Amino acid sequence: MLDEKIAQYAQEIEQFTPQSQEDVEAFRLRFLVAKGVIRDLFDAFKSVSPEQKRSLGKSLNELKQAAELKYRTIQEQFAAIAAVHKRDIEDLTLPGEGFVMGSRHPLALVRKEIVEIFRKLGFVVAEGPEIEDDWHNFTALNFPPEHPARDMQDTFFIKKQEGNDIALRTHTSSVQVRMMENGQPPFRAIMPGRVYRNEAISARAHCFFHQVEGLYIDENVSFADLKQTLYYFVQELFGEDTKVRFRPSYFPFTEPSAEMDISCTICKGAGCTLCKKTGWVEILGCGMVDPNVLENCNIDSRKYSGFAFGMGIERITNLKYEIKDLRLFSENDVRFLSQFETELI
């Protein structure tokens, strides 16, 4: 019966899977040439009854279209494979296809440089959780309950609970507390990491940024040790000609406290928009660890003393690479990041 043959050939066409170009040619000779099986079916179609012509004619046309589509598809597939093989063997001396070389993020570059400078002085790297409780983030660091840093405009609170709120850490000083709680002096470590504060995003501020804090606890540590440590750091990072000055300041966890300025790296002290025409740029806060903080961490403040400091990696990177908008650091703009391709490790 003609309808049975059409169904049989339709199934054969659908299941056809060629293994070589010869199989494709055999398919063409079987179904698509003037003396192929489809042509034979059209010849047989002439003798069917008028009642069957409509349904069989439709099936026959669909069979022909399926055979032609199958042939075109497998021809295109084999042609694409042949083109690849031809290109591969055309000239083996041609160079391979190029690819884009990645680069380190400027913040990662500066963080690494800072870590390496302090490593030369014997500082190790310590890390801690970004989600902190009230004790490690505030109370142990001598923040009184009424301190403004506890207000919602400064801190991202995750869970408010009586006596021990949970929040995103506002500084990496919490890592210092954990180190002092879980060990015995001497301590000499830096704490790089991401911190969070509820601030409006602008060219000069962001709701998250990166810090490097340092801690040195031992017997007979003085403010002179702090100053010499930071003098060395500045000269290593910005050059021996960089000037340094300390200004009295206040931090709950250090006493006495100071802010450290360096001569502007852009105008070399002459005055520009970055330094607000003063010739100086503040880069970090520092001071001697408050005895209350030592006692909170079960360290005898009569025997041990120490200093701590903290700086924003974004601020250091701004000065080092003359970047005026710190929002660029978190926007993943390839045009910006590609400028640091030569800074690969």
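Observations on the structure shown:
- Residues with amide H under 5 Å from that of Phe208, placed H, sequence gap 5 or more: Arg197
- Neighbour cut-off at most 11 other Cβ (10 Å), DSSP loop, trypsin sites (Lys or Arg not before Pro), the range 144-208: Lys160
- Amide H to amide H distances under 5 Å link Phe156 with Leu168, Asn198, where only residues 5 or more positions off or on other chains count and H is placed in the peptide plane.
- Leading residue at positive end of dipole, the chain (Cβ point charges), from Ala108, Val125, Cys267: Cys267
- Sites Gln19 and Ala44, calculated FRET efficiency, Cβ-Cβ separation with R0 41 Å, nearest 0.05: 0.85
- Shape of the range 2-90, Cα gyration tensor, a/c cut at 1.5: prolate
- Kirkwood hydrodynamic radius over Cα pairs of the chain, then Stokes diffusion coefficient at 20 °C and 1.002 mPa s, in µm²/s: 81
- Cut-off under 5 Å, modelled amide H: who pairs with Ala258 long-range: Ser249, Cys286, Gly287
- The trypsin sites (Lys or Arg not before Pro) of the range 1-55 meeting both criteria, a DSSP state outside H, G, I, E and B (loop) and at most 10 other C-beta atoms within 10 angstrom of the site's C-beta, are Lys35, Lys46.
- Backbone N atoms of the range 251-268 closer than 18 Å to the 7 Å Cα→Cβ label point of Lys227 belong to residues 255-263.
- GluC sites (Glu not before Pro), loop per DSSP, at most 15 other Cβ atoms within 10 Å - longest free stretch of the chain: 1-96
- Listed as lacking a disulfide-compatible partner in the chain: Cys207, Cys286, Cys297, by the criterion of no other cysteine Cβ under 4.7 Å.
- Cα-Cα separations in the range 179-253 greater than 18 Å, expressed as whole percent: 62
- Cα centroid separation, the range 271-345 to the range 201-263 (Å): 8
- Model label sites at Ala7 and Lys112, defined 7 Å from Cα along the beta-carbon direction, differ in position by 7.0 nm.
- Helix content alone sets the calculated 222 nm mean residue ellipticity of the chain: runs of n ≥ 4 DSSP H residues at -39500 (n - 2.57) each, divided across all residues, give -12500 deg cm²/dmol.
- Derived scalar couplings between HN and Hα for the range 25-41 equal 5, 5, 4, 4, 5, 6, 10, 10, 7, 4, 10, x, 5, 5, 4, 4, 5 Hz in order, rounded to whole Hz, by the Karplus curve 6.51 cos²θ - 1.76 cosθ + 1.60 (θ = phi - 60°), x for Gly and Pro.
- Considering only Cα atoms, the convex hull volume of the range 148-278 works out to 149 Å³ per residue.
Since every read-out is calculated from the coordinates, none of them should be taken as a lab result. Model, not experiment: these values are computed from the prediction. When we count neighbours, we look across all protein chains shown, and the Cβ atoms used for this are built from the backbone with ideal geometry, even at glycine.
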